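The values are calculated or read from the model by the stated rules, or taken from the named source; none is laboratory data. Only a predicted model underlies this, so the values are computations on that prediction, with no experimental measurement involved. Positions of Cβ are backbone-derived with ideal geometry, glycine not excepted, and every protein chain shown enters the neighbour counts.
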Amino acid sequence: MRSNTYKEKILEILEKNHLMAIADVQANIPDSDFSTIFRNITQLCAEGVVRKITVDKNTTLYEMKTHKNPHDHFVCDDCGHVDSVKVPEFSLQGKAFAKDVLVRGVCNDCVEKI
Ligand SMILES: [Zn+2]
Ligand SMILES: [Zn+2]
């Protein structure tokens, strides 16, 4: 498969699924290997089409940047569940080029277990 075909496949998958690990994307593309998917996703990030969310040092997730309604993410430190959240606009000194907020905490299910 040509590199472009991989990119099209990756975008097709991310279009349908919110937040995916590379292994999940790879599982949806027959006869692909991890490094090919990694290389193509990294290129899509550089092209500004895909957004990378670093949840922790072992978990990196990807989503379409054009994903309907812009949002940020909340991650539960206990179970790793990731939710979409709206972080309110804030004032800042200077000019922002990108907003990528990751809110950490404990989700409702895990709060009940404490
Ligand atoms: Zn949780
Ligand atoms: Zn998202």
Quick check on my filter: what residues within the range 1-21 are out of contact with any helix residue (DSSP H, G or I) (no Cβ under 8 Å at 6 or more places or on another chain), under 28 Å from V85 (Cβ atoms) and assigned to a loop (DSSP other than H, G, I, E, B)?
H18, L19, A21
Please name all residue pairs, on different chains or six or more residues apart, with Cβ atoms under 8 Å, provided the first residue is in the range 75-95 and is hydroxyl-bearing (S, T, Y) and the second residue is within 16 Å of ligand 2 (Cβ to nearest atom).
S84/H18; S84/H71; S84/D72; S84/H73; S84/F74
Given the condition in contact with a Leu (Cβ under 7 Å, 6 or more places away or on another chain), within 16 Å of ligand 2 (Cβ to nearest atom) and hydrophobic (A, V, I, L, M, F, W, C), answer yes or no: does some residue in the range 91-102 qualify?
no
Of the numbered conditions (1) closer than 15 Å to H18 by Cα; (2) away from ligand 2 (no atom under 14 Å from the Cβ), K113 satisfies every one except a single condition; which is it?
(1)
Just for the range 96-110: of the residues that are more than 10 Å from ligand 1 (Cβ to nearest atom) and free of Cβ contacts under 8 Å to residues at least 12 places away in the same chain, which one is nearest to I53 (Cα to Cα)?
A98
Being within 20 Å of E15 (Cβ to Cβ), out of contact with any Leu (no Cβ under 6 Å at 6 or more places or on another chain) and within 16 Å of ligand 1 (Cβ to nearest atom) is true for just one of S32, S84. Which residue is that?
S84
Identify, please: which residue in the range 26-35 is modelled with pLDDT of 95 or more and among the polar types (S, T, N, Q) and is, among those, surrounded by the most Cβ atoms within 10 Å (Cβ to Cβ)?
Q26
